[in-house]
Amino acid sequence: MTQLITLPRLVGFRLTGFQPIFRQDISMSLGNGPNVILGGNGLGKTTIMQAIVFGLTGGAEDAIEEEKGLRWNHSYFRGRLNATQLGAASIEVDFALGKTEFTVRRGLNGSDVIGFRAGRSKRWIEDKERAQDAFSQALQEVGGYQTTRDFAFLVHRLLYLPETRRLLAWDTNAQVRIFMMLNQDASRETWFNNQRARLKQMDSRKRHIHVALGKARDHLTTLMEFEEQVPDEEETHTMTAIAPPPDITTLVAELRRAANESFEAAELVQTARRNLNDLSIEVESLHEKVETVEASLISSFLSEQEKESSLALYKLLENGVCPACGTVNLELRATAEKNAREHSCLLCGSKIPQGTNQELATLRSQLSEKVKAQRVLEDTLAIAEARLSALRANEDELQQKVTSVRLQQPVLAVTEPNLPETTKAQLLAQQDELQKQEADLEAQIYRLQNQLRREFERFRTQVADRRAHLGELYTQYATSFLGLKCELAETEEHDRLLSLSRFVPKFNDSAREDPETCSEAQRFFLDIAFRMALIDLSSDFSGQPSTFICETPETALDMSYVDNVVEMFRRFSEGGHTLLLSANIQLNGIAGKVLSSVPKRERKNRVLNLLEIGQLSQVHNAALPKLRAAVRQTLG
Amino acid sequence: MESQTRILIRMRDVGFALTAAAEFDQLLSRIRLQKLVYLLDVLVYLVELLPPSERHLTYKHGPFDAAIQNAVDCLAFRGLVRISELYREPNGQIHSNYGLTKAGARWVERLTGDQEFRIRARVAESIAREINSIGWDQLIPLVYAEPTFVTARTLGYGTRLNPHDPLRNSAALVLKTMTHGLRVGFENTVANPELLFRLFFRYLKEFSRLRDQTSSMIRSGAGGAV
């Protein structure tokens with residue numbers, strides 16, 4: 001059965017060797033509710049936020065971030081730190097997946113995990129490879145993540161709202177991926193995502209073939225014109241060879257066959273997995289019934305034995321002898337008798353499970369059949385997975401061969417005008433081959449598009465209740481912010497390859513399909529509302545709180561909305577979540593108001609004051625008394 | 001699952017574990033009782049029975065199921081289990097040994113009148129026999145070598161253990177691999193549960209030995225950083 005994802009809850013972090021940005025190493029423990037990194041311009045708020053997210057995920061590489069310009073990794077920190085200290089600098093992040101706490105450590109010479117421990121009292125695993133393995137394993141087994149990339153994606157695109165304001169609210173791809181991941185018991189997110197990538201590749205390949213086909217047609221026309229104009233062979237110029245290498249056609253055919261086989265094998269794996277999940281649910285339910293009846297049998301044997309050996313509980317029932325003090329108490333006996341009549345524990349009255357032997361035999365035989373079927377399916381799945389893995393390896397190998405041959409000689413070399421060496425027959429054959437490839441790809445694309453559409457619709461129908469629940473959660477947050485009713489609407493985003501539905505805000509009777517239909521502040525805070533609603537939804541499933549990390553939320557906020565935003569954050573904190581904000585030092589700023597929900601004596605621990613540890617500029621030094629007064633006000 | 005059901009099911013397992021240990025004149029301490037019942041849950045896989053649906057979690061001394069301790073305490077209160085050598089250790093931990101009373105042994109006899117319970121009781125007996133031949137002091141190291149626990153122990157306390165999931169590193173996967181190996185590699189060998197028991201315990205013993213060897217290498221500085 002697929003485990004649901006548990007979002008991480010940030011527990012604390014330590015930054016070591018971050019000089020000269022900070023005057024000392026930094027350490028902070030986070031409590032439930034608001035936590036603030038408070039600092040002026042250039043004091044390192046963003047660096048700390050990025051460091052935490054880097055510690056957790058290793059940055060945002062291409063698998064996480066579609067936009068090239070927004071990708072980042074350990075290099076982000078390199079220009080900011082002393083080159084000599086880079087090797088010693090490290091980031092440790094404590095986080096919890098449910099009740100289990102972990103710490104992950106990364107250095108700044110690369111993005112890999114360099115240390116990991118499960119639980120603060122446990123020993124560190126400092127061998128890089130083992131630490132990375134243990135980290136992945138923890139995410140998979142405790143967090144329910146399929147891969148570390150999935151974890152990184154959720155941290156970057158759901159839990160962390162950076163200063164670049166990378167919104168989730170109108171981003172269909174990210175929304176679909178996140179919503180499917182959070183509902184992975186009903187979705188096949190990894191499959192869906194891989195197939196979408198495959199669809200894109202196929203489409204790109206089709207376009208390349210289309211261009212090549214156009215060129216082939218042009219060359220053919222040129223050649224025919226040339227033949228008409230220059231009948232004398234002596235005057236014919238040379239033309240570069242455009243025939244593909246002899247083995248490419250065979251290789252492509254092999255690759256196509258391998259891809260089809262992989263595709264079919266993947267379908268088999270998915271079907272086996274689905275069947276196994278369905279069967280496991282049945283086994284679990286039957287198992288529970290069997291155990292209830294078995295428990296009843298065990299209990300009746302216990303009573304019989306107690307009677308036979310005249311043990312304490314029997315004496316209570318027969319003579320009213322208290323099993324604890326040995327005195328006769330008729331009131332206690334009456335209670336015991338009443339409990340016995342009602343098939344409950346003689347002392348505490350808890351219900352004892354009931355069932356008959358006949359029922360047990362039937363249930364056991366049903367369970368036995370199901371268990372056998374389950375084991376057969378497990379074997380089938382294991383074999384199918386092994387086969388798929390071998391087929392994929394073969395496909396990759398063939399793909400590499402094709403790519404390498406194509407790189408050595410493209411499908412069609414650009415021909416020098418009027419230098420024909422290739423014959424008309426060769427060109428015609430090539431044109432036919434390309435047309436055939438294009439038609440094949442078109443058919444495959446069509447098939448995959450339909451499959452993905454069907455899959456997405458199936459998923460949406462299956463999670464209809466959860467979509468409605470997300471809508472309710474969102475309405476509460478978004479309405480608190482806007483001060484007027486704001487709901488979550490679902491609209492279709494039309495895409496050339498695959499149109500998918502996405503969530504957009506709806507207020508004043510209008511679904512806001514484009515971000516431009518909202519003001520800058522509305523865009524930003526409705527995005528926060530959407531993220532918080534998703535985090536709440538996940539938390540409702542897992543029963544575990546999570547964390548939202550937001551950089552300088554007060555930017556672009558009209559002062560009349562500050563209280564609404566504070567209310568939104570308060571509502572989120574009430575769910576037991578951890579909120580980590582960065583904020584500028586300001587009198588009557590958002591930080592002070594958000595922190596007002598924290599008892600005064602605790603507030604100091606909830607604030608990392610960068611005035612104390614950051615490198616102050618002349619401007620800061622000049623304004624230091626005012627800044628300190630603002631910090632004091634923030635701390636109440 | 002209802003907690004009453006859980007405790008009653010565990011009372012049965014405690015009964016079988018204590019009976020099996022008594023066959024070799026052994027009383028079981030709290031920790032050893034947990035370990036023997038864990039192995040019982042692991043190895044019922046071979047006879048196609050399922051372990052209780054609420055399973056063991058990783059804890060201080062290996063796999064732990066609170067229902068087992070509650071069950072043995074209930075049985076003691078009801079006069080079916082005898083507690084001996086009860087004392088508090090210097091670290092605050094309570095030590096006690098458990099064995100069945102005569103009434104308890106009669107109750108287990110009644111239980112084994114049921115055919116599936118009898119199979120479970122026999123699995124417990126086979127486990128006790130294997131442990132007896134290796135040494136009862138090796139019971140805890142053997143459990144520490146069980147593949148599901150080996151994988152989960154680095155994840156901290158509270159990680160649920162499912163030794164019957166053959167699609168991950170687990171006892172079930174090892175047992176399946178052994179069955180397959182016997183079928184393919186040894187034409188005249190029947191992969192019966194008894195043979196698989198022996199092989200599985202040999203595997204646990206060997207794994208435990210190699211791990212100890214590695215640990216001592218690391219401790220002596222020959223193996224580099226942990």
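We did not get these values from a lab; they are worked out from the coordinates using the rules stated. Worth saying up front: this structure is predicted, and the values here are computed from it rather than measured. Here the Cβ positions follow ideal geometry from the backbone for every residue, glycine too, while neighbour counts run over all protein chains shown.
For chain A, the residue among A:486, A:614, A:290 whose Cα projects farthest onto the positive side of the dipole built from Cβ charges is A:614. Taken along the Cα-to-beta-carbon direction at a fixed 7 Å, the label points for residue A:82 and residue A:426 span 6.6 nm.
In this structure, the residue pairs whose Cα-Cα separation is over 21 Å, taken from A:307/B:35; A:307/A:338; A:506/A:593; A:315/A:338, are A:307/B:35; A:506/A:593. Taking other C-beta atoms within 10 angstrom as a stand-in for reagent exposure, A:145, B:59 fall in the order B:59, A:145, fewest first.
Given Cα pairs under 8 Å that are at least 6 residues apart, what percent is the relative contact order of chain A? All intermediate terms of the calculation are to be shown ahead of the outcome.
On the way: 920 pairs, mean separation 150.6, N = 636.
Relative contact order for chain A comes out at 24 percent.
When the Cα positions of B:94, B:178, B:142 are compared along the charge dipole of chain B, B:94 comes out farthest toward the positive end, with charges on each C-beta of Lys, Arg, Asp and Glu.
Counting only Cβ charges, +1 for Lys and Arg and -1 for Asp and Glu, the dipole size of the range A:245-408 around its Cα centre is about 140 debye. Between 0 and 90 degrees, rounded to the nearest ten: what's the tilt of helix A:464-482 against the longest Cα principal axis of chain A? With both axes taken from Cα atoms, the answer is about 90 degrees. The calculated FRET efficiency for residue B:202 paired with residue A:379, based on their beta-carbon distance and R0 = 25 Å, is about 0.55.
Only aspartates and glutamates eight or more places from residue A:99 in sequence, or on another chain, were considered; those with a Cα closer than 18 Å are A:141, A:536, A:540, B:54, B:65. Take every pair of alpha-carbon atoms less than 8 Å apart whose residues are at least six positions apart; their mean separation over the length of the range A:245-408 yields a relative contact order of 37 percent. With a cut-off of 14 Å on the backbone N, no residue of the range A:69-101 is near the modelled label site 7 Å out from residue A:617 along Cα-Cβ.
Based on the inverse mean of 1/r over its pairs of different Cα atoms, what is the Kirkwood hydrodynamic radius of the range B:3-219, in Å? Provide the component values of the computation, followed by the final result.
Details: mean 1/r = 0.0559 Å⁻¹.
Here the Kirkwood hydrodynamic radius works out to 17.9 Å.
Considering only B:155, B:43, B:182, the mean-square fluctuation computed in a Gaussian network model of chain B, springs between alpha carbons under 10 angstrom, is largest for B:155.
Which whole-number percent is the relative contact order of the range B:3-219 (Cα, under 8 Å, 6+ apart)? Working shown, then result.
Details: 274 pairs, mean separation 51.3, N = 217.
Value for the range B:3-219: 24 percent.
Extension gain, residue A:601 to residue A:626, is 6.7 nm, computed as 0.36 nm per intervening residue step minus the present C-alpha separation. Considering only A:580, A:54, A:507, the residue lying farthest towards the positive end of the dipole of chain A is A:580, judged by Cα position with unit charges set on Cβ.
Run the helix sum for chain A: -39,500 (n - 2.57) per DSSP H stretch of 4+ residues, divided by residue count, reported at 222 nm to the nearest 500 deg cm²/dmol. Present the calculation step by step, with values, prior to reporting the outcome.
Working: 19 runs with 347 residues, N = 636.
Taking each H run of at least 4 residues, the total per residue is -18500 deg cm²/dmol.
With R₀ fixed at 25 Å, the C-beta to C-beta distance from residue A:274 to residue A:147 puts the FRET efficiency at about 0.80.
Placing a label point 7 Å from the Cα of residue A:23 along the Cα-to-Cβ direction, the residues of the range A:599-636 whose backbone N falls under 14 Å from that point are A:609-618, A:620-622, A:624-625, A:628. Each listed q (0.06, 0.09, 0.10 Å⁻¹) maps to a log10 I(q)/I(0) for chain A, found by the Debye formula over equal Cα scatterers with no solvent: -0.52, -0.95, -1.07. Between B:104, B:15, B:158, the GNM of chain B built on Cα springs shorter than 10 angstrom shows B:158 fluctuating the most. A straight line joining the Cα centroids of the range B:161-211 and the range A:141-168 runs 39 Å. Database remark: amide H of residue A:500 closer than 5 angstrom to the amide H of A:493, A:495 (H placed geometrically; neighbours at sequence offset of 5 or more, or on other chains; Pro and chain starts carry no H). Relative to the longest principal axis of the Cα atoms of chain A, the long axis of helix A:562-574 lies at roughly 60 degrees. Within chain A, antiparallel bridges make up roughly 70 percent of the DSSP beta bridges whose residues both belong there.
Summing Cβ point charges (Lys, Arg +1; Asp, Glu -1) relative to the Cα centre of the range B:65-204 gives a dipole of roughly 180 debye. When only the Cβ of Lys, Arg, Asp and Glu is charged (+1, +1, -1, -1), the dipole of the protein assembly as shown relative to its Cα centre reaches about 3880 debye.
Determine, from the Cβ-Cβ distance of residue B:59 and residue A:267 and an R0 of 35 Å, the FRET efficiency 1/(1 + (r/R0)^6), rounded to the nearest 0.05. Walk me through the numbers on the way to the answer.
On the way: r = 42 Å, r/R0 = 1.19.
Given R0 = 35 Å and the Cβ-Cβ separation, E is 0.25.
Neighbour counts of other C-beta atoms within 10 Å: give me A:499, B:170, A:539 arranged from fewest to most. Working shown, then result.
Details: A:499 13, B:170 24, A:539 19.
The fewest-first ordering by Cβ neighbours comes to A:499, A:539, B:170.
Would you mind checking the tilt of helix A:128-141 against the longest principal axis of the Cα atoms of chain A, expressed as 0 to 90 degrees and rounded to 10? Taking Cα atoms only, the helix is inclined about 70 degrees. Give the residues of the range A:427-463 whose amide nitrogen is closer than 14 Å to a point set 7 Å from the Cα of residue A:210 in the direction of its Cβ. Zone members listed by number: A:435, A:438-443, A:445-446. Pairs exceeding a 24 Å alpha-carbon distance, out of A:122/B:176; A:289/A:351; A:289/B:60; A:128/A:200; B:60/B:205; A:370/B:60: A:122/B:176; A:289/B:60; A:128/A:200; A:370/B:60.
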